[in-house]
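The values are calculated or read from the model by the stated rules, or taken from the named source; none is laboratory data. What you see is a predicted model; the values in this text were computed from it and never measured. All Cβ positions, even for glycine, are placed from backbone atoms using ideal geometry, and neighbour counts span all protein chains on display. With ligands, DNA and RNA removed, areas are computed over all heavy atoms of the protein, side chains included. Shrake-Rupley method; radii C 1.70, N 1.55, O 1.52, S 1.80 Å.
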Amino acid sequence: MTINTLLPRQIRFEAQLAWRHLRSGGGQTWLTIAAVASGVIIVIFIVGVIFGFQRRLTALLTDAIPHVTVQVPAARPIPYADLPGRVAGTSSSRTEMQAPQRKNIDDWRTVLAVARTIPNVRTVTPAVAGQGFASKGANPVGVSVIGADPAQQELVTPVTKNLIGGHYLGLAADEVVIDYELAKDLNVGVGDRIRITSVSGIPEPLRIAGIYSKGQGRGSAYVTLRTGQSMLAIGNSVNVVFVKVIDIYGADAVAERLTVLLDCEAKSWSSEFPNFVTSLKAQAASAYLISGFTLIASSFAIASVLVVSVQRKAKQIGILKSIGARSNQILLVFLFEGLGIAIAGSVLGAIAGIAVLYLSSLPKEAVGRFGGVPQSVIPLILDPLYILTAMAAASTATVLAALLPARRAAKMNPVDALR
Amino acid sequence: MASPVQFVIETVGLKKTYAGKVPTPVLLGIDLQVAVGEFVSIIGQSGSGKSTLLNILGALDIPTEGTVKIDGVDISTLTDDGLAVLRSQVVGFVFQSHFLLEELTCLENAVLPIAIRSGSATPEETEWITSLLVRVGLGGQLHKSPDTMSGGENQRCAIVRALANKPSIVLADEPTGNLDRHSGEEVFQLMRQMSAEIGIAFVMVTHDDRLARAADRILSIEDGLMRSLRNKAP
Ligand SMILES: Nc1ncnc2c1ncn2[C@@H]1O[C@H](COP(=O)(O)OP(=O)(O)OP(=O)(O)O)[C@@H](O)[C@H]1O
Ligand SMILES: [Mg+2]
């Protein structure tokens with residue numbers, strides 16, 4: 001009665017009667033609440049586990065790569081006819097020639113400044129990247145070279161944690177850090193000298209400051225930004241800017257924004273791994289599908305219980321109509337009943353779902369490295385947004401399920417009901 | 001209201017045939033007038049159509065033919081919601097079984113028509129209903145549930161419920177049918193008093209000749225037609 005007085009007066013009767021129905025419904029009321037709650041628990045758990053696995057997989061994949069890579073647009077052949085400043089009428093044959101196009105980001109400081117204004121951006125690292133040959137004595141081995149400030153590059157591609165010897169931070173201008181595969185091919189160790197010849201053609205003598213191992217595949221050779229610039233002979237320019245973002249799934253948006261804001265081409269990590277992204281989407285779709293079917297199943301259960309309860313209340317509906325209740329009032333009584341079940345069920349389901357998630361996150365994996373943080377065996381996500389969405393979806397499904405019996409009740413003919 | 005209504009109920013050539021595989025004609029042309037504050041009893045054999053007539057007079061059902069005016073309003077002109085408003089404010093029903101809601105207490109049941117009309121009863125309205133319940137001897141049962149009250153008590157509560165919205169007419173279908181002689185008598189006297197005091201017309205269907213004779217007027221339904229048995233001497 002006290003809560004009831006908070007409601008608008010016109011619907012107090014309906015709310016009060018719905019509440020009394022639920023209270024006198026006893027076990028049946030709890031049954032329907034449990035049906036909603038189990039729906040919510042299942043949805044929270046499924047979504048939590050699937051998105052948890054996705055997060056972990058994505059983190060594993062993107063941890064050691066730039067999330068967004070900013071470069072000048074790739075050189076394209078431009079038809080001669082489109083070249084600015086050509087002499088009119090000189091071309092009868094459709095000659096095509098290489099137009100003078102940019103290769104480097106000369107105004108990279110602007111790029112950094114612009115990138116830092118985008119909220120999701122965590123770090124921005126200017127770098128030079130290019131191909132070259134590493135040699136010790138005779139046989140040259142192909143290698144990709146990245147020149148960047150070690151402290152900044154470390155945030156893009158962790159090198160230090162993979163070092164098996166030497167150091168990366170504090171790299172000097174005549175030093176390089178190479179990967180284990182290259183060291184093996186060249187048969188060199190930390191402290192040895194090698195040469196790296198890049199497009200400039202000038203062999204750069206470098207001392208090996210460190211050797212790292214990624215565990216699989218070949219890695220780049222890391223030099224300082226200055227050294228890289230001189231090896232590629234690009235002066236004070238860079239040819240790439242690496243961006244790391246905070247929310248990995250927001251990388252596409254950041255890339256788009258950068259492309260719009262800058263005269264550059266920004267590519268997100270996801271465009272490098274289309275299959276991975278597709279499989280993430282398929283997983284997400286299956287999570288939503290399972291959730292949807294769960295909610296549909298629970299609303300069928302609720303609908304059937306409510307249909308029976310309306311049938312049992314036929315006489316009461318007849319009375320209410322005989323003492324002046326309008327069809328809409330009857331409808332509202334049963335909708336409120338559904339709403340009560342929806343609210344109680346989704347709140348209880350959310351509490352239980354969070355508890356289930358928390359309990360299943362307790363088992364931890366054994367820590368591999370010293371100082372490592374133990375990870376749960378089942379990666380989980382407890383996102384308030386997902387939980388609220390699950391609650392809202394379950395509540396909507398429940399109220400929709402109540403609509404059918406409620407309409408049936410509203411349409412009931414009082415004379416038939418009273419007989 | 002523009003002109004004072006003389007009759008709370010007025011039917012002309014009222015016919016009712018139940019449709020079905022075999023159509024059942026029940027009422028074959030009833031002309032009935034019930035004056036303001038009048039107490040009328042209707043008798044007739046089982047199956048003669050007494051309940052059918054009462055349901056139509058209370059706007060719960062519609063006639064097949066003929067006109068029915070309740071409180072001066074032709075019910076064929078009303079929408080479903082209009083009929084509901086009529087049932088809420090002009091008509092009160094009392095049935096053979098009390099039909100109280102078991103989820104509600106005696107007092108809540110009695111104020112239910114007010115709650116349906118306006119959401120919830122004001123303290124004044126609740127006070128008025130409480131005084132009526134005290135009058136009918138239910139002062140000690142206000143917060144009891146119907147299934148813990150006797151048949152007579154429940155029926156008295158149902159009568160108060162029928163009066164809650166101060167209707168012009170109360171239709172009672174065998175209100176004492178389920179009660180023993182003594183409680184039946186009590187319930188009947190109560191209805192008579194209320195009718196006289198508040199000026200509400202009553203139409204009561206009964207099988208009890210003694211009670212029927214105590215009304216202002218006795219009508220009988222035979223073969224689908226209405227016969228007037230006796231007018232009370234003025
Ligand atoms: N919905 C219906 N469909 C078909 N026939 C009906 C319907 N309702 C009532 N009847 C029939 O109409 C006739 C009158 O019924 P009604 O209930 O009005 O009688 P009654 O006079 O109230 O009888 P009783 O004294 O037993 O209560 C009966 O023959 C009954 O079978
Ligand atoms: Mg009858």
* Asked: When you scan region A:219-228, how many residues do you find that are in a loop (DSSP other than H, G, I, E, B) and closer than 21 Å to A:LYS267 by Cβ?
  -> 2
* To do: Within region B:67-85, track down each residue that is within 17 Å of the chain's Cα centre (by Cα) and at the interface with another protein chain (Cβ under 8 Å from one of its Cβ atoms).
  => B:ALA84, B:VAL85
* Asked: So which of B:ASP209, B:ASP223 is within 20 Å of the chain's Cα centre (by Cα), within 16 Å of ligand 1 (Cβ to nearest atom) and farther than 27 Å from B:SER88 by Cα?
  -> B:ASP209
* Is it the case that some residue within region B:136-152 is more than 16 Å from ligand 2 (Cβ to nearest atom) and in contact with a Gly (Cβ under 7 Å, 6 or more places away or on another chain)? -> no
* Which numbered condition trips up A:GLN10, out of (1) within 14 Å of chain B (Cβ to nearest Cβ); (2) crowded, with 16+ Cβ neighbours inside 10 Å? -> (2)
* Filter region A:134-161 down to residues that are under 13 Å from A:PRO66 (Cβ atoms) and of a type in the set (A, V, I, L, M, F, W, C) and give me whichever is most open to solvent (accessible area, probe 1.4 Å). => A:LEU155
* To do: Being touching a strand residue (DSSP E or B) at 6+ places or on another chain (Cβ under 7 Å) and more than 12 Å from ligand 1 (Cβ to nearest atom) narrows it down to one of B:LYS69, B:LYS16, so name that one.
  => B:LYS69
* Structure fact -> Conditions (1) open to solvent by less than 40 Å² (accessible area, probe 1.4 Å); (2) away from ligand 1 (no atom under 16 Å from the Cβ) -> A:ASP383 fails only (1)
* Asked: Just for helices (runs of 4 or more DSSP H) wholly inside region B:44-124: which have at least 2 residues that are within 16 Å of ligand 2 (Cβ to nearest atom) and touching a residue at least 40 places away in the same chain (Cβ under 8 Å)?
  -> B:50-57
* Identify all residues within region A:92-103 that are modelled with pLDDT under 75, part of a loop (DSSP other than H, G, I, E, B), open to solvent by 40 Å² or more (accessible area, probe 1.4 Å) and closer than 20 Å to A:VAL72 by Cβ; write none if there are none. => A:GLN98, A:PRO100, A:GLN101, A:ARG102
* Considering only region A:120-133, how many residues are open to solvent by 70 Å² or more (accessible area, probe 1.4 Å) and in contact with a helix residue (DSSP H, G or I) (Cβ under 9 Å, 6 or more places away or on another chain)? -> 1
* Within region B:160-177, how many residues are charged (D, E, K, R), touching a Ser or Thr at 6+ places or on another chain (Cβ under 8 Å) and away from chain A (no Cβ under 11 Å)? -> 1
* Structure fact -> Given the conditions (1) open to solvent by less than 40 Å² (accessible area, probe 1.4 Å); (2) away from ligand 1 (no atom under 16 Å from the Cβ); (3) within 20 Å of the chain's Cα centre (by Cα), every one holds for B:ASP61 apart from (2)
* Asked: Does region A:26-44 contain any residue that is open to solvent by less than 40 Å² (accessible area, probe 1.4 Å) and within 14 Å of another protein chain (Cβ to nearest Cβ)?
  -> yes
* To do: Scan (1) within 16 Å of A:VAL40 (Cα to Cα); (2) within 16 Å of ligand 1 (Cβ to nearest atom) for the single condition A:ASN413 breaks and write down its number.
  => (1)
* To do: Would you check if there is a residue in region B:10-33 being part of a loop (DSSP other than H, G, I, E, B), touching a residue at least 40 places away in the same chain (Cβ under 8 Å) and surrounded by fewer than 18 Cβ atoms within 10 Å (Cβ to Cβ)?
  => no
* Structure fact -> Among helices (runs of 4 or more DSSP H) completely within region A:229-333, the ones holding 2 or more residues that are within 14 Å of chain B (Cβ to nearest Cβ) are A:274-312, A:314-322
* Provide a single number: the residues in region A:305-341 that are polar (S, T, N, Q), out of contact with any Asp or Glu (no Cβ under 9 Å at 6 or more places or on another chain) and modelled with pLDDT of 90 or more. => 1
* Restricting attention to region B:151-203, report how many residues are among the charged types (D, E, K, R), open to solvent by 30 Å² or more (accessible area, probe 1.4 Å) and not in a loop (DSSP other than H, G, I, E, B). => 7
